[in-house]
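First the structure, in the form of structure tokens, and then the observations on it.
The values are calculated or read from the model by the stated rules, or taken from the named source; none is laboratory data. Everything numeric here is computed off the predicted structure, so don't read it as measured data. Note: ideal-geometry Cβ built from the backbone for every residue, glycine included; neighbour counts use all protein chains shown. Protein only, heavy atoms only, side chains kept; ligands, DNA and RNA dropped before computing areas. Shrake-Rupley method; radii C 1.70, N 1.55, O 1.52, S 1.80 Å.
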Amino acid sequence: MSSSTTTQATNTVQEFEQFATLTDEQADARIIEARARLGRRVVLLAHHYQRESVYRHADLTGDSLKLARLAADTDAEFILFCGVHFMAEVADILSRPEQTAILPDLAAGCSMADMADLEKVECCWDELADVLGPPDARITPVTYINSAADLKAFCGEHGGIVCTSTNAPAVIDWALAQREKVLFFPDQHLGRWTGYKKGIPLDRMAVWDPDLENGGLTAKEIEHARILLWKGHCSVHQMFQVEHIRGWRAQYPDGFVISHPECNLDVCLASDHVGSTEFIINTVTAAPPGTRWLVGTELNLVSRLAEQLKPQGKIVKFMAPTVCMCSTMQRIDPQHLAWALENLVNGHVVNPIRVPAHDAELARTALTRMLEMF
Ligand code: 13P
Ligand code: SF4
């Protein structure tokens with residue numbers, strides 16, 4: 001076999017450049033060979049937004065909540081995470097110390113997660129203290145799982161919690177039972193939709209703009225708010241607009257609309273169902289044959305679902321007229337997967353994700369509060 005298509009036995013770390021020019025087919029063959037050699041030492045977890053050429057190699061797939069549980073439960077020595085950085089961090093935090101989480105490409109971040117950082121959240125906490133007195137007495141911090149580990153640690157330290165798109169309503173209930181207000185970051189849309197579903201009036205959910213003094217709010221507005229919504233959003237889900245739904249419904253009045261709660265409130269309100277990626281897949285899969293669906297979430301998921309359900313006569317359509325993929329999820333490709341796996345075969349761990357111990361301990365507190373609730 002040529003050196004480009006077979007696993008290399010070497011004692012030195014193989015650089016990614018040696019893999020960058022492989023075709024998908026060549027990378028595929030090397031992934032299969034390396035996995036056979038590693039056996040059960042490695043488990044491959046993949047989020048539903050992964051491209052098909054990666055997703056098909058997954059042992060287990062899921063939304064953020066399911067993947068967090070799977071990472072906590074696996075016995076494999078290596079957890080190869082085909083997703084984005086915060087997901088691999090969660091895997092590291094919830095797994096045992098002798099296990100290693102690996103992210104095949106470190107550039108696979110999440111632009112929404114990057115919209116909140118510890119410095120800005122701590123500044124917000126201090127500014128809230130000036131208005132409300134000690135925030136720990138009045139505000140529960142809630143971070144969406146799409147956030148860096150140090151923000152989860154912040155929540156762990158301040159009596160707060162993590163939520164996912166699946167459990168946000170129950171988490172908000174819990175958070176408001178602890179203290180009178182919630183600071184929700186980084187996704188304003190998930191926070192607003194969840195608060196709305198809980199019956200909190202829109203005028204009692206104020207947007208906190210981290211780039212403005214006091215979040216751009218007056219002391220009266222801060223006092224009045226039950227939920228302070230961090231001004232963050234998902235660049236993919238912001239593309240979906242209520243006009244897309246209206247146009248489609250005019251054409252197909254019998255069709256169904258399903259959206260992810262990272263979409264804006266108008267889109268969620270105009271949808272028949274709103275829920276996580278796993279919920280979307282399960283709902284459309286369980287629907288009667290011959291039904292027609294408009295789906296407001298990332299394109300890889302929607303295209304895969306459309307292909308899978310075509311034999312049942314279901315028509316599944318992407319909500320936006322333009323292509324919008326999660327560019328960071330796309331960073332994980334078969335070439336990076338082959339690179340990470342072959343290095344493991346040769347005893348080298350490339351791109352391990354290791355959350356510093358102090359942050360990991362506090363973040364685990366916030367994650368465990370969530371996981372124990374459900
Ligand atoms: P899920 O938890 O629904 O998989 O969502 C994760 C995500 O990043 C959606 O953009
Ligand atoms: Fe982050 Fe949006 Fe990509 Fe989800 S789709 S990982 S929220 S950038």
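Quick notes on this structure:
- Yes/no for Val90 being in contact (Cβ under 8 Å) with a residue 12 or more places away in the chain, within 24 Å of Ala20 (Cβ to Cβ) and within 12 Å of ligand 1 (Cβ to nearest atom): no
- Of the residues examined, Glu278 is one that is among the acidic types (Asp, Glu), under 20 Å from Ile145 (Cβ atoms) and either free of Cβ contacts under 8 Å to residues at least 12 places away in the same chain or not in a loop (DSSP other than H, G, I, E, B) (or both).
- Restricting attention to segment 132-166 and to residues that are open to solvent by 40 Å² or more (accessible area, probe 1.4 Å) and in a helix (DSSP H, G or I), the residue that is nearest to ligand 1 (Cβ to nearest atom) turns out to be Asp150.
- Within segment 100-114, if we keep just the residues that are touching a Phe, Trp or Tyr at 6+ places or on another chain (Cβ under 7 Å) and within 16 Å of ligand 1 (Cβ to nearest atom), the residue that is farthest from Leu190 (Cα to Cα) turns out to be Leu103.
- Of everything in segment 312-332 that is closer than 16 Å to Tyr55 by Cα and not in a loop (DSSP other than H, G, I, E, B), the residue that is least open to solvent (accessible area, probe 1.4 Å) is Met329.
- Selection count, segment 10-46, where residues are open to solvent by 10 Å² or more (accessible area, probe 1.4 Å), in contact (Cβ under 8 Å) with a residue 24 or more places away in the chain, under 26 Å from Leu305 (Cβ atoms) and not β-branched (Val, Ile, Thr): 3
- Condition check for Gln335: under 22 Å from Arg56 (Cα atoms), more than 16 Å from ligand 2 (Cβ to nearest atom) and either in a loop (DSSP other than H, G, I, E, B) or not hydrophobic (A, V, I, L, M, F, W, C) (or both): yes
- The sole residue among Leu67, Leu80 that is within 11 Å of ligand 1 (Cβ to nearest atom) and either in a helix (DSSP H, G or I) or in contact with a strand residue (DSSP E or B) (Cβ under 9 Å, 6 or more places away or on another chain) (or both) is Leu67.
- Some residue of segment 97-110 being of a type outside the set (A, V, I, L, M, F, W, C) and part of a helix (DSSP H, G or I): no
- Restricting attention to segment 236-290 and to residues that are of a type in the set (Asp, Glu) and more than 21 Å from Ala46 (Cβ to Cβ), the residue that is surrounded by the fewest Cβ atoms within 10 Å (Cβ to Cβ) turns out to be Asp254.
- Within segment 83-96, considering residues that are in a loop (DSSP other than H, G, I, E, B) and away from ligand 2 (no atom under 15 Å from the Cβ), the one farthest from the chain's Cα centre (by Cα): Arg96
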